[in-house]
Structure formats: structure tokens, C-alpha cells
Amino acid sequence: MPQEHDLYKADRVVRQFKALYGISCLIQKELKGKDTFEEILVEINDAVDYTSASISILDKEKQKLETIAKTGNKGDLISFVEFELGKGFSAWVAKYRRPIMMPNIKRYRESVDDHIRSFISVPILMDNQLIGVINVSNERAGAYDQTDLEMMTIIAGQISALMERLHFRTELSRSNSRIEELNRDKDDAGPSFPDSISQVLSEVVQGISQPIASMAGNTRFLQLSLKEADQRLKRSLDEIEESITKLSDFSYRLERISK
């Protein structure tokens, strides 16, 4: 019935906006490490129905994917196959940085992931560099369509923004530790101390400039993508953009000081 179809589409849009708004709120809250990513998976289920889901992050030293949050049974395909960046289809997606959707999977042999009938895997990118992969899967065939794939791509962008914030916090903490160390040693540092402070400030600017620029780009992308978003979500994105502007101003002032 056309009317029932319209009601389904309207309900789906509401659930999608609710999930995006929830994830935006999580990004702005105090970060809680892995717990934050597990909360994101809960929010995703409002928009994209799944029986299992996972978020994996690329370990740069080991050059392997490591799962940092998951729910449900193991939610990957061909998990018994080893690729360059790890096991399963996630590693293939990570290598080629291409989103994949399989809406109707048929099985011809028994395996540990034989329960999966629909599957989406999307790379998480930061400045076109791989930082991780997000998967959702369903035991029901035909569970996903192009809209679900597009939704997961937007969510991957939000997770990228969260990773940038974590990176920024780590870099800021490292720089603060260095400044405290310099303060403790300033009596012995002599004339070179101001130069050391300048160097630290310069490193802070370099460390935060790229994440700020990427966060701004992701926020603008979401604003353009969600033209029909409700007012709460628009206000949330506006607040993120305002915070990015403040960080940019702060970075500029630090740069002036360091010169």
C-alpha cells in the first residue's frame, strides 16, 4: 500500500536523524574511550537494523585492524581468511578503502559467520587516510539497501571526527606534559628556554591544525547532506562548527606566540 510505504519512509527518516543526533551528542560529550564507541553502536541500531556490528581501528605500528567495540555475534564475512591488514572482509575493505554492501548472501559451506545474510562494511577515513572500518550485519536477507549504505558512510565520517578529537586530546596532553617538564627544568635551561617553549607551541599548532581542518570538512559535509534534518540536529552541527572556529582561533593565536 502506498500509504504504508510513505509511513515507513517517514519513520525511517526520523530514526536516521535520531541516530545522527545521538552520535553528534556523544562526540561532544566527555570521551570515555571504548565505551564511547560501544554507545555509538547502540545509536546506529536506531537507523540501521543489525544483529551484529563492530568498529575496528588500524594499529599503525602493527598495520593490523583491532576491534575496539562490538555487539552481537562475530559480524564479519570470511573471517577465516587472512588479508594484509587482518582477517575477514573488514581487512579487504581497509586495504582498498571501498565501502561494500551485500544485501542477499547465500551460503554454500559451513563457517563461523554462516548466520550472516546481509552485510555492510565501510572504511573510516581521516584526510583520505585509513583509520578503521565499521561493519553491520543482519541474519535476515534483504535487510539493507543503498540508503543504509549511505547512512553508514555518513556515520563513518562522524566516527572519524571522534577519532580526530581523541587524537587532539592526546596531542594536547603530550604537549602539556612537555611544557610542565620544561617549567621544572627552566632554571637550568638558561637562554635556550624561550626557544624551547616556542618549539613546543609550534608542535602544538602543527598537531591540531590538520584535525581541525578535517573536522570542519566533515561538519560541513553533514550539514550539506542533511538538508531536511530537524532543528535539534542542525543546532548540534552549528555548535560543533562554532567549537571548531574557536579551536582555529586558538591555534592561530598559538602560532603567533610561537613566532
| Distance (nanometres) between label positions extended 7 Å along Cα→Cβ at Glu150 and Val42 | 2.9 nm
| said: Could you give the length gained by full extension between Gln129 and Asp35, i.e. 0.36 nm per residue of separation minus their alpha carbon distance, to one decimal place? | reply: 31.4 nm
| Within a Cβ distance under 10 Å of Pro123, other residues only, what is the Lys/Arg minus Asp/Glu net charge? | +3
| request: Report the charge-dipole magnitude of region 13-76 in Debye, nearest 20, computed about the Cα centre from +1 at each Lys and Arg Cβ and -1 at each Asp and Glu Cβ. | output: 80 debye
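List the pairs from Lys34/Lys64; Lys34/Lys60; Lys34/Lys87; Lys29/Lys95 whose alpha-carbon separation is above 28 Å, in the order I gave them.
Lys29/Lys95
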| field | Packing-based ranking, highest mean first, of 130-139, 149-158, 49-58 given that Cβ atoms within 10 Å are counted | value | 130-139, 49-58, 149-158
| message | With +1 on the Cβ of every Lys and Arg and -1 on the Cβ of every Asp and Glu, and nothing else charged, how large is the dipole of region 49-143 about its Cα centre, in debye rounded to the nearest 20? | response | 200 debye
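What does the C-alpha gyration tensor say about the overall shape of region 49-143? Classify as rounded when a/c is under 1.5, otherwise prolate if a/b is larger than b/c, or oblate.
Prolate, because a/c is 1.5 or more and a/b exceeds b/c.
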| task | Please work out the FRET efficiency for the pair Met102 and Ile68, using the Cβ-Cβ distance as r and a Förster radius of 22 Å; give the result to the nearest 0.05. | result | 0.40
| query | Taking the Cα centre of region 49-143 as the origin and placing charges on Cβ (Lys, Arg +1; Asp, Glu -1), which of Gly88, Ile131, Ala69 is farthest toward the positive end of the dipole? | reply | Gly88
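A short reminder: the numbers here are calculations on the coordinates, not readings from a lab. The structure presented is a predicted model; accordingly, all values stated were derived computationally and were not measured. Cβ: placed from backbone, ideal geometry, glycine included. Neighbour counts: every protein chain shown.
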